[in-house]
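The values are calculated or read from the model by the stated rules, or taken from the named source; none is laboratory data. Keep in mind that what you see is a predicted model, and the values were worked out from it rather than measured. Cβ sites come from the backbone with ideal geometry, for glycine too, and all protein chains shown count toward neighbours. Only protein heavy atoms, including side chains, enter the accessible area calculation; ligands, DNA and RNA are left aside. Shrake-Rupley method; radii C 1.70, N 1.55, O 1.52, S 1.80 Å.
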Number of protein chains: 2
Amino acid sequence: MTMVLRSDDMRRRNRLRIIQIVRRGGTVSRGEIAQAAALSPATVSTISAELIAEGVLVARSAETGALPGRGRPSVGLSLNPRFRHAVLLILKIGEVHVAIVDYAGSLIARQPFDLDMAGVSMEEFRRTLITEIRQTLEANGISAAQLGGISIGVQGTTDSAGLRLLRSPMTPHTNIPMADWLEEEFGAPTRLANDCDLIARALNWRDPERYCDNFAAILLAHGVGMGLFLRGRIINGTQSSGTEFGHMLHQAGGALCRCGARGCIEAAAGDYAILRHFRGDPPDLKPDRHVEPSEIVWIADAARNGDPLAIDSFAAAGRALGSGLAGLFALVDPFRVAFAGHGAAAFDLMEPALREVLRNSNAAAAQEIPIDLFVDDMPLILDGCGIGALAEIDATQADRVWETMRNG
Amino acid sequence: MTMVLRSDDMRRRNRLRIIQIVRRGGTVSRGEIAQAAALSPATVSTISAELIAEGVLVARSAETGALPGRGRPSVGLSLNPRFRHAVLLILKIGEVHVAIVDYAGSLIARQPFDLDMAGVSMEEFRRTLITEIRQTLEANGISAAQLGGISIGVQGTTDSAGLRLLRSPMTPHTNIPMADWLEEEFGAPTRLANDCDLIARALNWRDPERYCDNFAAILLAHGVGMGLFLRGRIINGTQSSGTEFGHMLHQAGGALCRCGARGCIEAAAGDYAILRHFRGDPPDLKPDRHVEPSEIVWIADAARNGDPLAIDSFAAAGRALGSGLAGLFALVDPFRVAFAGHGAAAFDLMEPALREVLRNSNAAAAQEIPIDLFVDDMPLILDGCGIGALAEIDATQADRVWETMRNG
DNA sequence: CGATTTTTTTTGAGGCTTGAATTAATAGCC
DNA sequence: GGCTATTAATTCAAGCCTCAAAAAAAATCG
């Protein structure tokens with residue numbers, strides 16, 4: 001019979017639920033799963049046997065001893081790290097990181113290499129990516145069959161489906177079909193995501209208590225980006241990914257932004273804006289294409305030593321960020337904010353101005369919002385990228401693989 | 001056996017799906033339902049028999065003849081209008097509308113009455129509502145058993161759950177537990193919703209093609225509110241309902257708003273703001289508590305006759321609205337906007353300034369957004385309120401009512 | 001009036017989940 | 001060491017649910 005529709009639907013959901021519980025819990029006994037999933041022990045037993053047979057889960061090999069209890073000891077189930085692997089690709093200005101995570105989420109390889117996307121053709125870019133991924137896979141002995149997916153974190157906007165890089169400060173090329181490239185080459189599902197969204201996802205994964213329903217991750221780097229969660233769901237553009245917080249208007253006719261407009265938040269709070277302000281350059285000076293993070297550190301030091309221009313540079317950045325946040329807080333009430341990226345190292349210099357703007361804003365209680373700092377954004381981006389790739393594989397795996405039912 | 005968990009879950013979903021298909025389609029045959037729901041005819045037959053036995057659906061009583069085909073004629077199923085009724089309560093400044101809809105969505109009664117919420121105590125307010133609702137129910141012969149729910153549309157913000165009116169321009173009272181009042185009194189589930197959200201919901205219901213994933217409804221009246229859909233879901237505040245578009249900052253240190261802050265969008269685009277501007281009153285003059293819509297019409301006529309101050313009043317309003325929209329468009333890409341309320345009758349006077357602001361904004365293609373006008377907001381609010389109440393009843397009805405299985 | 005056509009219902013089978021019973025695996029105690 | 005108590009996991013029979021196929025129903029057409 002071909003009845004594979006409604007009934008299997010239930011099974012699919014329960015399989016996925018069990019996988020997710022194990023992913024979240026690390027090592028979980030069947031009984032604990034049953035409780036967490038609100039399923040009967042019988043069902044969990046059946047499904048977990050299936051998942052073990054398919055190689056998705058593994059049962060504890062009888063160590064991890066010293067259990068307190070008296071009766072039959074419970075057997076911990078965990079994700080089989082070797083079931084699948086995912087390739088993570090993090091694109092930054094001038095460099096690319098290739099990483100591999102196993103199915104349990106451990107980073108088993110990470111390889112950065114220089115690549116100036118601005119200076120190469122699309123074809124060259126494509127080939128370089130493929131070569132580097134292939135090399136990393138081979139160096140770690142990952143076969144094509146083991147590759148469950150590729151996840152890419154980028155600066156810039158992608159299409160809604162996460163298949164194309166529409167535009168990015170990293171390159172003058174637009175509408176780059178990166179997912180198609182890699183899916184064709186490696187035969188594994190590939191998705192792009194905005195780096196700020198990945199940071200937000202990583203925070204949500206790492207600390208679901210703190211970063212649950214409503215919060216934003218703001219990346220302070222050369223530009224300014226935001227990943228926004230409202231009511232537990234990530235908010236994206238209607239046509240594209242990412243919320244373009246950095247290009248909301250801060251000041252009409254204000255400083256020149258990388259995007260060509262004037263008065264964007266980024267044009268006051270991005271690295272180049274702080275540097276431009278500190279140098280005393282005119283606000284309509286064309287933004288630098290790249291600023292060494294060390295320069296920002298240097299300006300921050302100057303500010304901490306009392307340099308008035310440096311102090312004012314960061315205050316201006318704080319005001320811009322505050323004004324953008326005030327707008328959002330007016331719209332949807334205040335929420336928790338995490339600042340990430342090397343700019344967060346100078347957040348103490350921006351915070352007074354930012355809080356001042358919030359205090360004077362229309363949103364009640366906006367000045368009270370909790371703010372967290374994560375200076376090193378790379379671990380978060382990798383984390384978020386990995387979570388996304390693995391969740392995708394999990395979803396695939398919810399559909400039962402019939403062929404594994406062959407012999408024994 | 002008490003096994004009522006997983007298996008029934010599937011049935012519940014399919015019941016709900018069928019009810020929703022009939023609600024959307026009006027009169028639908030079993031075969032059409034099967035196709036729309038991607039269920040087998042057998043399943044639809046079983047479930048619809050159940051629903052008919054429970055009184056949720058009714059089969060066409062064999063008129064509506066003149067079917068073209070040859071074989072057995074299909075039997076149209078439709079919602080049983082008499083299955084349940086819902087009370088709708090629309091609160092406006094100075095007046096309340098009580099309405100009753102039947103289960104099929106027809107408005108079967110509507111009664112406005114004057115009530116100055118600002119001038120009465122909470123207790124008095126409660127009693128008046130209950131009295132009016134009771135009268136309307138009795139006048140239409142609706143028993144308590146037939147009352148499936150109460151839905152309330154309000155200006156102002158409610159809590160996330162839709163149980164309390166947190167604050168509203170209609171009254172100085174705050175945190176009014178309206179849902180508790182009426183649930184206690186009438187024994188029917190009661191929910192509050194912001195009027196702008198209701199307008200957005202109504203548009204989405206009426207024309208799902210046009211108002212589908214991303215759009216906003218902006219209510220132009222004494223104040224300015226917004227109901228926002230992103231990715232097909234309504235966006236609300238993190239602590240409260242409604243997106244407070246009207247209180248986003250338009251101009252730092254600008255005109256005085258009803259909310260006490262300065263420079264809100266509403267303080268330039270609300271009725272009182274237009275009137276204040278036209279009169280030449282200082283922008284920090286305390287806003288009027290009420291402005292007759294006819295005054296706005298009068299000013300609009302003046303503008304159309306060339307009065308420069310009137311023209312400028314509406315231009316200022318258009319600029320404020322444009323600046324708020326530009327901010328949102330920068331954040332999440334441009335989307336379709338519907339303006340509702342009597343202020344929309346003067347939209348032609350605001351549109352040039354609004355489009356001008358968008359044209360100069362950072363959001364690409366923002367000037368191209370389609371804008372629709374709905375001068376009469378009341379039908380939309382009633383519609384949205386009714387849809388919401390009925391959807392709630394549908395969801396309840398998805399759980400099978402066992403007692404109806406008694407005899408025959 | 002019977003043949004044809006289209007819709008709906010009935011029937012039997014397969015899947016899924018569940019509570020209860022059963023089996024498995026360990027610690028404690030004499 | 002052997003027995004009992006205890007807890008975890010599996011097995012089993014039953015109840016739902018959906019589905020495909022067959023049967024029935026209700027028209028039209030010739």
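Observations
- Here the stretch B:32-49 is the region considered, the condition is being among the hydroxyl-bearing types (Ser, Thr, Tyr) and in a helix (DSSP H, G or I), and the residue that is nearest to DNA strand D (Cβ to nearest atom) is B:THR43.
- From the list A:VAL44, A:VAL120, A:VAL56, the one residue that fits, being closer than 29 Å to A:GLY162 by Cα and surrounded by 20 or more Cβ atoms within 10 Å (Cβ to Cβ), is A:VAL56.
- Test: residue in the stretch B:100-107 that is of a type in the set (Phe, Trp, Tyr) and either open to solvent by 60 Å² or more (accessible area, probe 1.4 Å) or at pLDDT below 95 (or both): no
- Residue satisfying condition, being within 16 Å of DNA strand C (Cβ to nearest atom), within 27 Å of the chain's Cα centre (by Cα) and within 24 Å of A:ILE387 (Cβ to Cβ), within set A:ALA104, A:ALA99, A:ALA37, A:ALA109: A:ALA37
- Condition check for B:LEU88: in a strand (DSSP E or B) and over 28 Å from B:ASP197 (Cβ atoms): no
Residues checked against (1) in a helix (DSSP H, G or I); (2) surrounded by fewer than 24 Cβ atoms within 10 Å (Cβ to Cβ); (3) away from chain B (no Cβ under 14 Å):
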| site | (1), (2), (3) |
| --- | --- |
| A:TRP298 | yes, yes, yes |
| A:ALA315 | yes, yes, yes |
| A:GLY327 | yes, no, no |
| A:LEU382 | yes, yes, yes |
| A:CYS385 | yes, no, yes |
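- Among the candidates B:VAL75, B:VAL87, B:VAL120, B:VAL96, the residue that is within 16 Å of DNA strand D (Cβ to nearest atom) and among the hydrophobic types (A, V, I, L, M, F, W, C) is uniquely B:VAL75.
- Exactly one residue out of B:ALA338, B:ALA366 is at pLDDT 95 or above and more than 9 Å from chain A (Cβ to nearest Cβ), and it is B:ALA338.
- In the condition set (1) open to solvent by less than 40 Å² (accessible area, probe 1.4 Å); (2) more than 23 Å from B:LEU328 (Cβ to Cβ); (3) in contact (Cβ under 8 Å) with a residue 24 or more places away in the chain, B:PRO177 is compliant with all but (3).
- Candidates B:PRO189, B:PRO177, filtered to the one that is over 24 Å from B:ASP394 (Cβ atoms) and at pLDDT 95 or above: B:PRO177
- Output for the stretch A:165-174, where each listed residue is touching a residue at least 12 places away in the same chain (Cβ under 8 Å) and assigned to a loop (DSSP other than H, G, I, E, B): A:PRO169, A:MET170, A:PRO172, A:HIS173
- Those residues of the stretch A:123-136 which are surrounded by 13 or more Cβ atoms within 10 Å (Cβ to Cβ) and of a type in the set (S, T, N, Q), in sequence order: A:THR128, A:GLN135, A:THR136
- Pairs meeting the criteria (first residue in the stretch B:340-351 and on the phi < 0 side of the Ramachandran plot, second residue among the hydrophobic types (A, V, I, L, M, F, W, C) and in a strand (DSSP E or B), beta carbons under 6 Å, at least 6 apart or on different chains) are B:ALA340/B:ALA217; B:ALA340/B:LEU219; B:ALA340/B:PHE374; B:GLY343/B:LEU220; B:ALA344/B:LEU220; B:ALA344/B:LEU373; B:PHE347/B:PHE339; B:PHE347/B:LEU373.
- Criterion: among the hydrophobic types (A, V, I, L, M, F, W, C), out of contact with any strand residue (DSSP E or B) (no Cβ under 9 Å at 6 or more places or on another chain) and open to solvent by less than 50 Å² (accessible area, probe 1.4 Å) - qualifying residue of A:PHE278, A:PHE339: A:PHE278
Condition check ((1) open to solvent by less than 20 Å² (accessible area, probe 1.4 Å); (2) part of a helix (DSSP H, G or I)) across all residues:
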residue: B:PRO112; (1), (2): no, no
residue: B:GLU138; (1), (2): no, yes
residue: B:GLY141; (1), (2): no, no
residue: B:GLY149; (1), (2): yes, no
residue: B:GLY153; (1), (2): yes, no
residue: B:LEU163; (1), (2): no, no
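- Among residues that are of a type outside the set (Asp, Glu) and farther than 21 Å from A:LEU321 by Cβ, A:LEU203 is not included.
- Selection from the stretch A:184-201 of residues that are of a type in the set (D, E, K, R) and in contact (Cβ under 8 Å) with a residue 24 or more places away in the chain: A:GLU185, A:ARG191, A:ASP195, A:ASP197, A:ARG201
- Apart from one condition, B:THR243 fits all of (1) surrounded by 24 or more Cβ atoms within 10 Å (Cβ to Cβ); (2) over 19 Å from B:PRO334 (Cβ atoms); the exception is (2).
- Residue check, B:ARG206 over 18 Å from B:CYS385 (Cα atoms), among the basic types (Lys, Arg) and outside the structural domain of B:VAL337 (by TED's automatic domain parsing): no
- Residue match in the stretch A:272-284 (condition: among the small types (Gly, Ala, Ser) and closer than 22 Å to B:GLY327 by Cα): yes
- Enumerated helices (runs of 4 or more DSSP H) restricted to the stretch B:175-278, each holding at least 3 residues that are within 14 Å of chain A (Cβ to nearest Cβ): B:266-269
- Enumeration of residues in the stretch B:169-197 that are of a type outside the set (Asp, Glu) and under 17 Å from B:GLY232 (Cβ atoms): none
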